[in-house]
Amino acid sequence: MKRRVLSSVLAMLVGASALMGCSTTTVEEAGEASGDNQAAQATEATNETESSSTTLTGEGEETLHVFLYMQEHEKEIYQKLIDQFVEEHKDKVKEIVFEVTTQDEYNQKMIASMTAGDMPDVFYVGPAAVRSYVDNGYIMPLDQYVDDATISSIWGTTQEIYRYDGKNIGSGSLYAFPKDLSCFAFAYNQDLFDAAGLDYPDPNKPYTYDEFVEVCKALTKDTDGDGEIDQWGVANADQWGMTPFLYSNGVKFLNDDMTKVNVANNKQLIEALTFYTDLTKNGLTPSVEQDTALGGYQRWLDGQVAFYACGTWDVAAFMDDNTFPYKWNLCGWPVGPSGDGRSHTWMGSVGYCVSATTKYPDLCAELVAKLSTDADGQRAVSGITTGASIQLPNIVDLAYGEFKDAVNNGTVPYASNVDVIFGYFDGNDHYAAALQEMDYTYNSEWFTPFWSGVFNIKNGDISVEDYVAQVEPEMQAALDEAIELQNSATK
Amino acid sequence: MASHKRVKTKMSAMAKREERWAWLFIASPFLGFMLFMAYPIVFAVIASASKWTGINSLWGNMVGFGNYIKILSDVKFWRAMGTTIIYMIGIPIGMILGMLVAMGLNRKIPGKRVLTTMYYVPVVSSLVAVSILWAWVFNYDYGLLNGIYKFLTGTHGPNWLGDEVMVKISLIIFMVWKGLGGTIILYLAGLQNIPRDYYEAAMIDGAGSIAKFMNITLPLLSPVTFYVLITSLIGGFQVFVEVQVMTPSGGPNYSSATVVFYLFEKAFTNGQLGYGSAVAVILAIIIFIITAINFWGQDKWVKTID
């Protein structure tokens with residue numbers, strides 16, 4: 001009997017420790033693990049594993065806690081900016097604690113702060129989280145603290161995506177200033193074009209779908225004569241690199257108020273997805289198997305593919321001869337027949353916000369504006385004064401003026417067709433971009449069933465029509481859940 | 001039952017001081033347990049009854065058993081559970097291999113220490129590091145396995161991590177490899193604890209090697225087998241890292257995802273901390289039940305020398 005009781009207690013402890021294991025240990029392990037995949041590149045994950053904190057002191061009374069994620073070399077630049085800020089406000093500031101961690105750890109630490117009710121004074125908010133943060137009373141509007149000239153100096157998109165009127169994103173009070181604005185542009189390997197004797201893509205006239213297929217055909221070949229294709233027109237990562245093809249055919253996955261998934265009977269989507277998957281079916285991209293062996297990003301770096309996606313965060317790596325020993329440049333994503341005739345892609349951003357419970361809203365708002373829009377700071381992060389571009393300038397005039405000059409005269413190593421990116425940022429006759437729809441919903445779980453199974457179409461296991469019909473209910477269920485979670489914020 | 005009467009004795013100052021120290025020593029693990037085990041467990045159970053996202057109010061979003069009911073019809077959860085159970089095929093394979101290798105190493109053979117070390121290296125290696133390494137071993141075009149396969153057959157090998165069935169086989173191979181060293185060491189210790197006289201007596205009785213194995217080795221190794229079984233089952237339900245590293249999106253059509261992978265995805269990628277907690281609670285209950293069954297059933301097959 002005694003033994004049985006002992007057994008039960010032991011079993012209970014084991015079960016309990018399993019619960020513990022699930023809720024704590026794995027989190028750290030996952031953080032360690034996820035630095036390796038391409039998703040991490042696309043979300044600008046940092047490689048550092050430790051967080052660091054620096055205290056900058058002045059002579060005043062006010063103490064601020066700034067909590068962000070960024071890479072070490074970014075931190076150096078931002079620390080100088082904060083240093084300057086302390087100097088400029090030394091009569092007010094007692095100290096600024098500048099804490100930086102990795103992107104992996106950031107959300108978990110923020111959740112801990114929220115649960116404990118101990119928020120930093122200045123921290124990040126992504127466009128997707130603005131609504132939840134405001135509804136739950138975590139962040140404050142900044143309009144009254146910052147002048148209109150400062151707000152209007154930044155990219156139009158970043159003026160809009162951090163506004164919220166209590167119902168919709170895009171209008172109402174401004175709740176954050178952008179740390180950066182990025183986009184997922186397209187790039188081509190000039191050396192492969194030269195070898196094939198083809199003209200480079202025209203940055204002022206993106207290819208149509210049909211033109212793109214013809215160019216890819218000319219660039220797909222067996223270069224070593226062993227009977228196997230070893231150079232392809234393009235490689236695509238379904239999770240990140242598929243949507244620009246679809247958006248450029250006018251595709252939207254959700255209805256206007258983002259409550260209904262619209263894929264099963266979406267003609268533009270079916271047309272674009274057919275085009276996209278046919279690229280692989282017709283051998284113009286590596287096959288699904290080949291893609292699992294070596295991803296498109298590695299094949300691009302290895303000079304095996306002529307076109308590949310290029311996020312603004314990728315430019316520095318592609319400009320480095322040790323990483324990418326080929327000549328290359330930027331171009332637009334191909335344009336589908338049923339869109340608005342422009343090349344579309346997605347943009348991304350994260351913003352600095354101020355805690356609603358801060359004791360020093362004025363000072364915090366000024367700091368946020370400085371980090372985001374200080375001209376010297378933007379010159380440094382964009383490489384105008386440092387020669388190494390971490391991001392594009394947030395200030396529009398600076399981008400079109402000094403930054404472009406620095407690119408043209410070689411001070412900043414950057415693709416010369418940088419206007420492609422500015423075209424996406426600003427919108428013009430050939431280019432347009434927006435945040436993805438999942439940036440406006442509580443989470444992006446509804447999109448996962450869509451992208452994660454596209455390889456089945458490429459493999460010929462299912463038709464495009466059957467596929468979109470099959471995934472729609474699963475997407476809708478996940479969207480409903482996201483809406484419910486979004487609404488739970490106001491409770 | 002013997003009854004003990006409490007005898008009140010006056011404690012000396014020294015004894016009192018010692019007792020205070022004793023309480024202090026007991027307090028530290030107890031407080032540690034309360035703070036780092038009991039509190040999070042209670043919190044997880046409460047969170048599992050809510051639509052807590054980490055951002056919203058936990059108490060304002062209580063849904064009772066709502067999450068649990070939803071899990072019952074959650075296709076992805078059950079797919080992940082099925083995969084987790086399939087991975088457990090590796091447990092008996094690992095135990096049999098471990099026992100065989102341990103028996104081999106239990107003889108006087110040259111290079112025994114080197115071999116034991118070699119088998120044990122995977123156990124002490126970082127799980128993330130060896131998972132990355134094995135992702136390359138399994139690589140479709142450039143992997144070691146397919147390299148050998150092509151050398152031997154002249155044709156291309158299987159898509160180890162890119163096929164719904166093969167990805168499970170690949171992960172089972174990895175898990176067996178990773179855990180083998182630990183099992184071997186345990187069985188080796190178990191084998192060395194079996195008194196030689198038993199075998200000598202059996203030899204005098206004319207028992208052959210199979211009879212000796214079946215009637216002496218196997219039964220007397222049963223405590224080790226029991227321990228390995230319990231820890232492997234618990235570990236089996238908690239598989240996460242290797243899946244996350246080798247197949248970051250859960251494999252083709254979610255075919256390699258485990259329950260903990262799903263839990264992590266729900267809680268930390270999709271911000272559904274309440275739902276994720278409910279998955280964790282269910283997992284803990286399952287592990288509790290299976291461990292309890294094992295403990296209750298051990299009388300029937302676990303033998304000790306005493």
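Since every read-out is calculated from the coordinates, none of them should be taken as a lab result. These numbers come from a predicted model, not from an experiment. Reconstructed Cβ throughout: ideal geometry from the backbone, glycine too, with neighbour counts over all protein chains shown.
Each of A:Asn417, A:Trp346, A:Leu398 was placed along the dipole of the range A:325-452 (beta-carbon charges, centred on the mean Cα), and the one lying farthest toward the positive end is A:Asn417.
Just rank A:Thr358, B:Thr231, fewest to most, by other beta-carbon atoms within 10 angstrom. Intermediate results must be reported in sequence, preceding the final value.
On the way: A:Thr358 20, B:Thr231 17.
Arranged by neighbour count, lowest to highest, A:Thr358, B:Thr231 become B:Thr231, A:Thr358.
I'd like the antiparallel share, as a percent to the nearest 5, of DSSP beta bridges with both residues in chain A.
So the antiparallel bridges amount to about 65 percent of the total.
Remark: spin-label model distance B:Trp136-A:Ala477 equals 4.0 nm, labels positioned 7 Å along the Cα→Cβ axis. Distance from the alpha carbon centroid of the range A:220-281 to that of the range A:426-491 works out to 14 angstrom. Note on the range A:154-270: Rg/Rh from C-alpha atoms, Kirkwood Rh, equals 1.10.
Taking the Cα centre as origin and putting +1 on Lys and Arg beta-carbons and -1 on Asp and Glu beta-carbons, what dipole magnitude results for chain B, to the nearest 20 debye? Numbers along the way, then the final one.
Values: 23 positive and 13 negative charges, 210 e Å.
Dipole magnitude for chain B comes out near 1000 debye.
Taking the centroid of alpha carbons for each part, the range B:33-111 and the range B:141-202 are 23 Å apart. Each of A:Ser463, A:Ser152 was scored by other Cβ atoms within 10 Å of its Cβ. Listed from fewest to most, they are A:Ser152, A:Ser463.
Projecting the Cα atoms of B:Leu72, A:Trp240, B:Leu233 onto the dipole axis of the protein assembly as shown, where Lys and Arg carry +1 and Asp and Glu carry -1 at the beta carbon, places B:Leu233 farthest toward the positive end.
Per-residue ellipticity at 222 nm from helix content only, as computed over chain A with -39500 (n - 2.57) for each DSSP H run of at least four residues, stands at -12000 deg cm²/dmol.
Exposure proxy ranking for A:His65, A:His73, based on other Cβ atoms within 10 angstrom of each Cβ and starting from the fewest, stands as A:His73, A:His65. Using a ≥ b ≥ c from the Cα gyration tensor of the range B:13-69 (square roots of the eigenvalues), is it rounded, prolate or oblate, where a/c under 1.5 gives rounded and otherwise the larger of a/b and b/c decides, a/b for prolate? Prolate.
Short to long, the 20 Å bins of the Cα pair-distance histogram for chain A hold 21, 53, 23, 3, 0 percent of all pairs.
Rounded to whole Å, give me the distance from the Cα center of the range A:366-415 to that of the range B:206-263. What the calculation gives is 55 Å, centre to centre.
Here's the picture: charge each Lys and Arg Cβ at +1 and each Asp and Glu Cβ at -1 in chain B, and of B:Pro195, B:Val128, B:Gly182 the one pushed furthest to the positive end of that dipole is B:Pro195. According to the square roots a ≥ b ≥ c of the eigenvalues of the Cα gyration tensor, what is the shape class of the range B:1-142, taking rounded for a/c under 1.5, prolate for a/b larger than b/c otherwise, and oblate for the remainder? Because a/c hits 1.5 or more and a/b fails to exceed b/c, the range B:1-142 counts as oblate. Placing unit charges on the Cβ atoms only, positive for Lys and Arg and negative for Asp and Glu, gives chain A a dipole magnitude near 1180 debye about its Cα centre.
Would you tell me the mean number of C-beta atoms belonging to other protein chains that fall within 10 Å of each C-beta in B:268-276, as a whole number?
Details: counts 9, 8, 10, 10, 6, 3, 2, 2, 2.
Partner Cβ neighbours, averaged per residue: 6.
Which of these, B:Trp21, B:Trp136, B:Trp78, has the largest mean-square fluctuation under a Gaussian network model of chain B (Cα springs below 10 Å)? Comparing B:Trp21, B:Trp136, B:Trp78 in the GNM, the peak value goes to B:Trp21.
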